[in-house]
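Below you'll find the structure, written out as C-alpha coordinates, and then a few comments.
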Amino acid sequence: MNRLRDILSKKTLRYMFTGGKGGVGKTVVAAGLAYYFASSGEKTLLASLNPVHSLSSLFAQDLTGGVIKRVEGVENLYAIEVEIDDIVERYKENIARRLKEFLKWADIPLDPKPFIEIATTNPAFQESAMFDKMMDIVLQEAQNFDRIVFDTAAVANAVRLIGLSKIYGLWLARMIKSRKEALSLRVQLSFRKEKVMEEIKKDPLMADLISMNEKFSKVRKILTNSEETAFFFVTLPLSLPIAVVKRFINMVRAYDIPVGGVVVNQIIERKLGEAEDATAYIKNKYREQLHYMEIIERDLGSLVVAYLPMYPREVVGVEMVAKLAEDLLEYKPDFLEELRVEA
Ligand SMILES: Nc1ncnc2c1ncn2[C@@H]1O[C@H](COP(=O)(O)OP(=O)(O)O)[C@@H](O)[C@H]1O
Ligand SMILES: [Mg+2]
(Lines give C-alpha, C1' and ligand atoms only; values in the text may rest on other atoms or scores of the structure.)
(Ligands and ions follow the chains in the order given, each with its own letter.)
Protein backbone atom coordinates (compact mmCIF):
# COMPACT_ATOMS: atom_id res chain seq x y z
CA MET A 1 0.00 0.00 0.00
CA ASN A 2 1.26 3.47 -0.76
CA ARG A 3 0.31 7.09 -0.41
CA LEU A 4 -1.40 7.24 -3.77
CA ARG A 5 -4.32 5.21 -2.47
CA ASP A 6 -5.02 7.81 0.23
CA ILE A 7 -4.86 10.62 -2.27
CA LEU A 8 -7.16 8.90 -4.75
CA SER A 9 -9.65 7.85 -2.13
CA LYS A 10 -10.58 11.48 -1.61
CA LYS A 11 -14.00 11.76 -3.27
CA THR A 12 -13.66 15.48 -3.81
CA LEU A 13 -10.71 14.88 -6.14
CA ARG A 14 -12.31 15.18 -9.56
CA TYR A 15 -9.61 16.36 -11.98
CA MET A 16 -6.22 14.86 -12.54
CA PHE A 17 -3.36 15.64 -14.90
CA THR A 18 -0.10 13.88 -15.66
CA GLY A 19 2.98 15.84 -16.62
CA GLY A 20 6.61 15.10 -17.35
CA LYS A 21 9.15 14.79 -20.12
CA GLY A 22 8.12 13.15 -23.40
CA GLY A 23 8.02 9.37 -23.31
CA VAL A 24 8.25 8.91 -19.54
CA GLY A 25 4.79 7.34 -19.22
CA LYS A 26 2.33 10.22 -18.80
CA THR A 27 -0.25 8.46 -20.95
CA VAL A 28 0.06 5.07 -19.29
CA VAL A 29 -0.11 6.60 -15.81
CA ALA A 30 -3.18 8.66 -16.77
CA ALA A 31 -4.77 5.47 -18.10
CA GLY A 32 -3.81 3.59 -14.95
CA LEU A 33 -5.41 6.22 -12.73
CA ALA A 34 -8.55 6.24 -14.86
CA TYR A 35 -8.70 2.45 -14.81
CA TYR A 36 -8.37 2.41 -11.04
CA PHE A 37 -11.32 4.74 -10.55
CA ALA A 38 -13.49 2.98 -13.13
CA SER A 39 -12.81 -0.42 -11.65
CA SER A 40 -13.73 0.95 -8.22
CA GLY A 41 -17.16 1.72 -9.66
CA GLU A 42 -16.71 5.40 -10.43
CA LYS A 43 -17.72 6.78 -13.79
CA THR A 44 -14.47 8.05 -15.27
CA LEU A 45 -13.46 10.01 -18.33
CA LEU A 46 -9.96 9.78 -19.77
CA ALA A 47 -9.45 12.79 -22.04
CA SER A 48 -6.52 13.03 -24.41
CA LEU A 49 -5.60 16.54 -25.51
CA ASN A 50 -2.58 15.89 -27.66
CA PRO A 51 -1.65 16.66 -31.25
CA VAL A 52 -0.94 12.95 -31.62
CA HIS A 53 -3.14 10.64 -29.58
CA SER A 54 -2.17 7.35 -28.07
CA LEU A 55 -5.28 6.14 -26.22
CA SER A 56 -6.47 4.01 -29.13
CA SER A 57 -3.19 2.18 -29.41
CA LEU A 58 -2.85 1.94 -25.64
CA PHE A 59 -6.26 0.29 -25.21
CA ALA A 60 -5.93 -1.51 -28.55
CA GLN A 61 -9.33 -0.27 -29.69
CA ASP A 62 -10.79 2.54 -31.74
CA LEU A 63 -11.24 5.59 -29.54
CA THR A 64 -10.81 8.11 -32.35
CA GLY A 65 -13.42 10.52 -33.69
CA GLY A 66 -13.28 13.31 -31.15
CA VAL A 67 -16.28 12.05 -29.22
CA ILE A 68 -16.61 10.37 -25.85
CA LYS A 69 -16.60 6.59 -26.29
CA ARG A 70 -16.95 3.69 -23.91
CA VAL A 71 -13.76 1.78 -23.38
CA GLU A 72 -14.58 -1.83 -24.23
CA GLY A 73 -13.72 -4.26 -21.50
CA VAL A 74 -13.69 -1.74 -18.65
CA GLU A 75 -16.96 -0.87 -17.02
CA ASN A 76 -17.42 2.81 -16.13
CA LEU A 77 -14.50 3.92 -18.27
CA TYR A 78 -14.94 6.40 -21.10
CA ALA A 79 -12.36 8.06 -23.28
CA ILE A 80 -12.06 10.87 -25.79
CA GLU A 81 -9.30 11.77 -28.19
CA VAL A 82 -9.97 15.43 -28.83
CA GLU A 83 -9.53 16.31 -32.51
CA ILE A 84 -7.24 19.30 -32.41
CA ASP A 85 -7.56 20.31 -36.05
CA ASP A 86 -11.34 20.63 -35.76
CA ILE A 87 -11.03 22.69 -32.63
CA VAL A 88 -8.39 24.96 -34.06
CA GLU A 89 -10.56 25.48 -37.15
CA ARG A 90 -13.65 26.29 -35.09
CA TYR A 91 -11.64 28.52 -32.83
CA LYS A 92 -10.29 30.37 -35.85
CA GLU A 93 -13.78 30.90 -37.27
CA ASN A 94 -14.95 32.09 -33.89
CA ILE A 95 -12.20 34.65 -33.58
CA ALA A 96 -12.75 35.83 -37.15
CA ARG A 97 -16.45 36.31 -36.46
CA ARG A 98 -15.81 38.21 -33.25
CA LEU A 99 -13.24 40.44 -34.87
CA LYS A 100 -15.56 41.26 -37.78
CA GLU A 101 -18.40 41.98 -35.36
CA PHE A 102 -16.16 44.25 -33.38
CA LEU A 103 -14.84 46.21 -36.35
CA LYS A 104 -18.39 46.69 -37.57
CA TRP A 105 -19.64 47.68 -34.14
CA ALA A 106 -16.79 50.15 -33.64
CA ASP A 107 -17.30 51.41 -37.17
CA ILE A 108 -13.70 50.81 -38.11
CA PRO A 109 -13.38 50.37 -41.87
CA LEU A 110 -10.59 47.82 -41.83
CA ASP A 111 -10.09 44.48 -43.50
CA PRO A 112 -10.08 41.96 -40.65
CA LYS A 113 -8.14 39.32 -42.59
CA PRO A 114 -4.60 40.39 -41.64
CA PHE A 115 -5.62 40.56 -37.98
CA ILE A 116 -7.11 37.10 -38.13
CA GLU A 117 -3.92 35.81 -39.76
CA ILE A 118 -1.78 37.34 -37.04
CA ALA A 119 -3.96 36.01 -34.25
CA THR A 120 -4.34 32.49 -35.58
CA THR A 121 -0.86 31.77 -36.92
CA ASN A 122 0.63 32.58 -33.54
CA PRO A 123 2.34 29.40 -32.29
CA ALA A 124 0.46 29.67 -29.00
CA PHE A 125 -2.84 29.56 -30.85
CA GLN A 126 -3.14 25.79 -30.99
CA GLU A 127 -2.30 25.55 -27.31
CA SER A 128 -4.87 28.19 -26.39
CA ALA A 129 -7.45 26.29 -28.42
CA MET A 130 -6.53 23.14 -26.48
CA PHE A 131 -6.71 24.94 -23.20
CA ASP A 132 -10.12 26.24 -24.12
CA LYS A 133 -11.29 22.70 -24.88
CA MET A 134 -9.85 21.50 -21.59
CA MET A 135 -11.82 24.22 -19.78
CA ASP A 136 -14.98 23.10 -21.57
CA ILE A 137 -14.44 19.53 -20.44
CA VAL A 138 -13.81 20.67 -16.86
CA LEU A 139 -16.97 22.76 -16.83
CA GLN A 140 -19.29 20.62 -18.92
CA GLU A 141 -18.40 17.02 -18.15
CA ALA A 142 -18.24 17.40 -14.39
CA GLN A 143 -21.94 16.55 -14.10
CA ASN A 144 -21.50 13.43 -16.20
CA PHE A 145 -18.44 11.90 -14.57
CA ASP A 146 -17.18 11.22 -11.08
CA ARG A 147 -13.57 11.67 -12.14
CA ILE A 148 -11.80 13.15 -15.13
CA VAL A 149 -8.20 12.31 -15.96
CA PHE A 150 -6.44 14.44 -18.57
CA ASP A 151 -3.69 13.09 -20.74
CA THR A 152 -1.99 16.15 -22.15
CA ALA A 153 1.63 16.63 -23.04
CA ALA A 154 1.05 20.38 -22.76
CA VAL A 155 0.80 20.44 -18.97
CA ALA A 156 3.46 23.16 -18.76
CA ASN A 157 1.42 25.24 -21.07
CA ALA A 158 -1.81 24.59 -19.20
CA VAL A 159 -0.10 25.59 -15.98
CA ARG A 160 1.17 28.80 -17.55
CA LEU A 161 -2.27 29.60 -18.90
CA ILE A 162 -3.85 29.04 -15.52
CA GLY A 163 -1.32 31.44 -14.06
CA LEU A 164 -1.80 33.84 -16.90
CA SER A 165 -5.56 33.83 -16.47
CA LYS A 166 -5.10 35.53 -13.13
CA ILE A 167 -3.13 38.36 -14.66
CA TYR A 168 -5.62 38.42 -17.46
CA GLY A 169 -8.44 38.91 -14.95
CA LEU A 170 -6.64 41.85 -13.39
CA TRP A 171 -5.99 43.36 -16.78
CA LEU A 172 -9.63 42.92 -17.73
CA ALA A 173 -10.83 44.58 -14.56
CA ARG A 174 -8.78 47.61 -15.56
CA MET A 175 -10.18 47.56 -19.07
CA ILE A 176 -13.72 47.46 -17.74
CA LYS A 177 -12.98 50.33 -15.42
CA SER A 178 -11.61 52.56 -18.13
CA ARG A 179 -14.42 51.56 -20.47
CA LYS A 180 -16.89 52.50 -17.77
CA GLU A 181 -15.33 55.91 -17.43
CA ALA A 182 -15.26 56.50 -21.16
CA LEU A 183 -18.74 55.14 -21.62
CA SER A 184 -20.44 56.97 -18.83
CA LEU A 185 -19.24 60.14 -20.47
CA ARG A 186 -20.87 59.11 -23.69
CA VAL A 187 -23.96 57.95 -21.86
CA GLN A 188 -24.15 61.30 -20.12
CA LEU A 189 -23.60 63.25 -23.28
CA SER A 190 -26.34 61.45 -25.11
CA PHE A 191 -28.67 61.68 -22.11
CA ARG A 192 -29.22 57.98 -22.15
CA LYS A 193 -30.01 56.14 -19.00
CA GLU A 194 -28.93 52.58 -19.63
CA LYS A 195 -26.83 50.94 -17.04
CA VAL A 196 -23.14 51.34 -17.73
CA MET A 197 -22.32 47.62 -17.59
CA GLU A 198 -25.07 46.84 -20.07
CA GLU A 199 -23.59 49.44 -22.34
CA ILE A 200 -20.16 47.91 -22.02
CA LYS A 201 -21.52 44.49 -22.89
CA LYS A 202 -22.89 45.83 -26.13
CA ASP A 203 -19.36 46.05 -27.36
CA PRO A 204 -19.04 42.51 -28.74
CA LEU A 205 -15.37 42.31 -27.95
CA MET A 206 -15.84 43.45 -24.35
CA ALA A 207 -18.74 41.06 -23.91
CA ASP A 208 -16.52 38.25 -25.14
CA LEU A 209 -13.65 39.26 -22.91
CA ILE A 210 -15.95 39.41 -19.92
CA SER A 211 -17.50 36.01 -20.53
CA MET A 212 -14.09 34.50 -21.27
CA ASN A 213 -12.80 35.91 -18.03
CA GLU A 214 -15.73 34.41 -16.14
CA LYS A 215 -14.89 31.03 -17.64
CA PHE A 216 -11.19 31.47 -16.84
CA SER A 217 -11.80 32.34 -13.23
CA LYS A 218 -14.25 29.48 -12.75
CA VAL A 219 -11.73 26.99 -14.11
CA ARG A 220 -8.82 28.57 -12.27
CA LYS A 221 -10.73 28.22 -9.03
CA ILE A 222 -11.23 24.51 -9.67
CA LEU A 223 -7.73 23.75 -10.92
CA THR A 224 -5.97 25.53 -8.09
CA ASN A 225 -8.07 23.82 -5.44
CA SER A 226 -6.19 20.86 -3.97
CA GLU A 227 -9.47 19.28 -2.84
CA GLU A 228 -10.60 18.97 -6.45
CA THR A 229 -7.49 18.81 -8.58
CA ALA A 230 -4.13 17.08 -8.59
CA PHE A 231 -1.21 17.24 -10.98
CA PHE A 232 0.92 14.10 -11.02
CA PHE A 233 4.42 14.15 -12.40
CA VAL A 234 6.00 11.12 -13.96
CA THR A 235 9.72 10.51 -14.07
CA LEU A 236 12.18 7.78 -14.91
CA PRO A 237 15.23 7.13 -12.79
CA LEU A 238 17.31 9.18 -15.24
CA SER A 239 18.81 12.63 -15.02
CA LEU A 240 16.83 14.54 -17.66
CA PRO A 241 13.33 13.39 -16.65
CA ILE A 242 14.17 14.18 -13.02
CA ALA A 243 15.31 17.69 -13.98
CA VAL A 244 12.07 18.21 -15.90
CA VAL A 245 9.95 17.15 -12.93
CA LYS A 246 11.86 19.42 -10.58
CA ARG A 247 11.32 22.35 -12.90
CA PHE A 248 7.64 21.51 -13.19
CA ILE A 249 7.16 21.33 -9.47
CA ASN A 250 8.70 24.75 -8.93
CA MET A 251 6.57 26.22 -11.65
CA VAL A 252 3.37 24.61 -10.48
CA ARG A 253 3.92 25.84 -6.95
CA ALA A 254 4.50 29.37 -8.16
CA TYR A 255 1.03 29.25 -9.72
CA ASP A 256 -0.73 27.68 -6.70
CA ILE A 257 -1.45 24.53 -8.62
CA PRO A 258 -1.83 21.44 -6.43
CA VAL A 259 0.81 18.73 -6.76
CA GLY A 260 -0.64 15.25 -6.30
CA GLY A 261 2.78 13.65 -6.30
CA VAL A 262 5.53 12.05 -8.33
CA VAL A 263 5.37 8.62 -9.97
CA VAL A 264 8.69 6.91 -10.69
CA ASN A 265 8.25 4.72 -13.75
CA GLN A 266 10.18 1.92 -15.46
CA ILE A 267 12.09 0.62 -12.51
CA ILE A 268 14.44 -2.32 -13.06
CA GLU A 269 14.09 -4.73 -10.20
CA ARG A 270 17.09 -5.91 -8.27
CA LYS A 271 16.28 -9.52 -9.02
CA LEU A 272 16.79 -8.62 -12.70
CA GLY A 273 19.65 -6.16 -12.34
CA GLU A 274 21.70 -8.41 -10.08
CA ALA A 275 20.78 -11.73 -11.63
CA GLU A 276 23.81 -13.83 -12.45
CA ASP A 277 22.77 -14.24 -16.04
CA ALA A 278 21.95 -10.53 -16.47
CA THR A 279 23.68 -8.95 -19.45
CA ALA A 280 26.35 -6.31 -18.87
CA TYR A 281 23.89 -3.78 -20.27
CA ILE A 282 21.19 -4.60 -17.71
CA LYS A 283 23.72 -4.69 -14.87
CA ASN A 284 24.96 -1.24 -15.87
CA LYS A 285 21.48 0.16 -16.28
CA TYR A 286 20.59 -1.17 -12.87
CA ARG A 287 23.59 0.44 -11.18
CA GLU A 288 22.93 3.72 -12.94
CA GLN A 289 19.32 3.52 -11.80
CA LEU A 290 20.33 3.11 -8.15
CA HIS A 291 22.28 6.33 -8.38
CA TYR A 292 19.28 8.21 -9.77
CA MET A 293 16.91 6.58 -7.31
CA GLU A 294 19.04 8.02 -4.52
CA ILE A 295 18.76 11.44 -6.11
CA ILE A 296 15.00 11.06 -6.43
CA GLU A 297 14.65 10.00 -2.82
CA ARG A 298 16.89 12.85 -1.69
CA ASP A 299 15.31 15.62 -3.77
CA LEU A 300 11.73 14.48 -4.29
CA GLY A 301 11.32 11.78 -1.68
CA SER A 302 8.44 13.33 0.19
CA LEU A 303 6.56 13.80 -3.08
CA VAL A 304 6.95 10.29 -4.45
CA VAL A 305 3.57 8.59 -4.23
CA ALA A 306 4.04 5.55 -6.45
CA TYR A 307 6.50 3.39 -8.38
CA LEU A 308 6.05 1.27 -11.47
CA PRO A 309 8.26 -1.57 -12.64
CA MET A 310 9.72 -1.84 -16.11
CA TYR A 311 7.44 -4.29 -17.92
CA PRO A 312 8.87 -6.78 -20.36
CA ARG A 313 6.96 -5.09 -23.18
CA GLU A 314 5.05 -1.95 -24.10
CA VAL A 315 1.87 -1.24 -22.19
CA VAL A 316 -0.85 -2.24 -24.65
CA GLY A 317 -4.33 -3.58 -24.05
CA VAL A 318 -6.82 -3.50 -21.20
CA GLU A 319 -5.12 -6.32 -19.31
CA MET A 320 -1.80 -4.51 -19.09
CA VAL A 321 -3.49 -1.26 -18.10
CA ALA A 322 -5.24 -3.19 -15.34
CA LYS A 323 -1.92 -4.60 -14.14
CA LEU A 324 -0.36 -1.13 -14.24
CA ALA A 325 -3.26 0.32 -12.25
CA GLU A 326 -2.75 -2.35 -9.61
CA ASP A 327 0.98 -1.67 -9.51
CA LEU A 328 0.37 2.06 -9.17
CA LEU A 329 -1.33 1.33 -5.88
CA GLU A 330 0.73 -1.60 -4.66
CA TYR A 331 4.17 -1.87 -6.19
CA LYS A 332 7.35 -1.11 -4.33
CA PRO A 333 10.86 -1.65 -5.72
CA ASP A 334 12.68 -4.53 -4.05
CA PHE A 335 15.80 -2.44 -3.39
CA LEU A 336 14.13 0.61 -1.87
CA GLU A 337 15.16 -0.01 1.73
CA GLU A 338 18.81 -0.22 0.77
CA LEU A 339 19.19 3.12 -0.94
CA ARG A 340 21.66 5.36 0.76
CA VAL A 341 20.00 8.69 1.05
CA GLU A 342 21.48 11.52 3.00
CA ALA A 343 18.91 13.67 4.66
N1 LIG B 1 6.67 0.73 -16.95
C2 LIG B 1 6.76 0.53 -18.26
N3 LIG B 1 7.27 -0.63 -18.74
C4 LIG B 1 7.36 -0.83 -20.08
N5 LIG B 1 6.97 0.07 -21.01
C6 LIG B 1 6.48 1.23 -20.58
C7 LIG B 1 6.33 1.52 -19.20
N8 LIG B 1 5.81 2.78 -19.07
C9 LIG B 1 5.63 3.22 -20.32
N10 LIG B 1 6.02 2.32 -21.22
C11 LIG B 1 6.01 2.46 -22.70
O12 LIG B 1 6.78 3.61 -23.01
C13 LIG B 1 6.21 4.32 -24.08
C14 LIG B 1 5.94 5.76 -23.64
O15 LIG B 1 4.92 5.78 -22.65
P16 LIG B 1 3.77 6.91 -22.70
O17 LIG B 1 2.85 6.70 -21.57
O18 LIG B 1 3.18 6.95 -24.05
O19 LIG B 1 4.69 8.20 -22.47
P20 LIG B 1 4.28 9.74 -22.59
O21 LIG B 1 2.79 9.83 -22.60
O22 LIG B 1 4.89 10.40 -21.39
O23 LIG B 1 4.92 10.23 -23.84
C24 LIG B 1 4.96 3.57 -24.48
O25 LIG B 1 5.27 2.73 -25.55
C26 LIG B 1 4.63 2.75 -23.25
O27 LIG B 1 3.94 1.56 -23.55
MG1 LIG C 1 1.49 10.61 -24.06
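Here are some conditions: (1) out of contact with any strand residue (DSSP E or B) (no Cβ under 8 Å at 6 or more places or on another chain); (2) more than 16 Å from ligand 2 (Cβ to nearest atom). Residue 68 meets all but one. Which one does it not meet?
(1)
Out of the residues in the stretch 49-65 meeting the condition of being within 13 Å of ligand 2 (Cβ to nearest atom) and at pLDDT below 95, tell me which one is nearest to residue 143 (Cα to Cα).
49
Take residue 45 and tell me if it is within 17 Å of residue 140 (Cβ to Cβ), in the same structural domain as residue 141 (by TED's automatic domain parsing), within 11 Å of ligand 2 (Cβ to nearest atom) and in contact (Cβ under 8 Å) with a residue 12 or more places away in the chain.
So residue 45 does not fit the description; no.
Could you check how many residues of the stretch 27-56 are farther than 21 Å from residue 146 by Cα and either more than 10 Å from ligand 1 (Cβ to nearest atom) or in a helix (DSSP H, G or I) (or both)?
3
Just to be sure, is residue 216 surrounded by 19 or more Cβ atoms within 10 Å (Cβ to Cβ), more than 18 Å from residue 148 (Cβ to Cβ) and away from ligand 1 (no atom under 16 Å from the Cβ)?
For residue 216, the condition - surrounded by 19 or more Cβ atoms within 10 Å (Cβ to Cβ), more than 18 Å from residue 148 (Cβ to Cβ) and away from ligand 1 (no atom under 16 Å from the Cβ) - is met.
Of all residues in the stretch 136-161, which are crowded, with 18+ Cβ neighbours inside 10 Å and either acidic (Asp, Glu) or at pLDDT below 90 (or both)?
Matches in the stretch 136-161: 151, 152, 153, 154, 155, 158, 159, 161.
I'd like to know if the stretch 121-128 contains one or more residues that are in a loop (DSSP other than H, G, I, E, B) and more than 28 Å from residue 9 (Cα to Cα).
For the stretch 121-128, residues in a loop (DSSP other than H, G, I, E, B) and more than 28 Å from residue 9 (Cα to Cα): present.
Run residue 107 past the list (1) assigned by TED's automatic domain parsing to the domain that holds residue 320; (2) out of contact with any Leu (no Cβ under 9 Å at 6 or more places or on another chain) and report the number of the one that doesn't hold.
Against the list (1) assigned by TED's automatic domain parsing to the domain that holds residue 320; (2) out of contact with any Leu (no Cβ under 9 Å at 6 or more places or on another chain), residue 107 comes up short only on (1).
Looking for something under 23 Å from residue 59 (Cβ atoms) and part of a helix (DSSP H, G or I) - is there at least one such residue anywhere in the stretch 12-22?
No - not one qualifying residue is present in the stretch 12-22.
Step by step: first the residues of the stretch 9-26, then only those that are away from ligand 1 (no atom under 16 Å from the Cβ) and closer than 20 Å to residue 304 by Cβ, then the one that is nearest to the chain's Cα centre (by Cα). Which residue is that?
In this case the residue turns out to be 13.
The values are calculated or read from the model by the stated rules, or taken from the named source; none is laboratory data. Everything numeric here is computed off the predicted structure, so don't read it as measured data. Quick reminder, even Gly has a Cβ in these numbers, built from the backbone with ideal geometry, and neighbours come from all protein chains shown.
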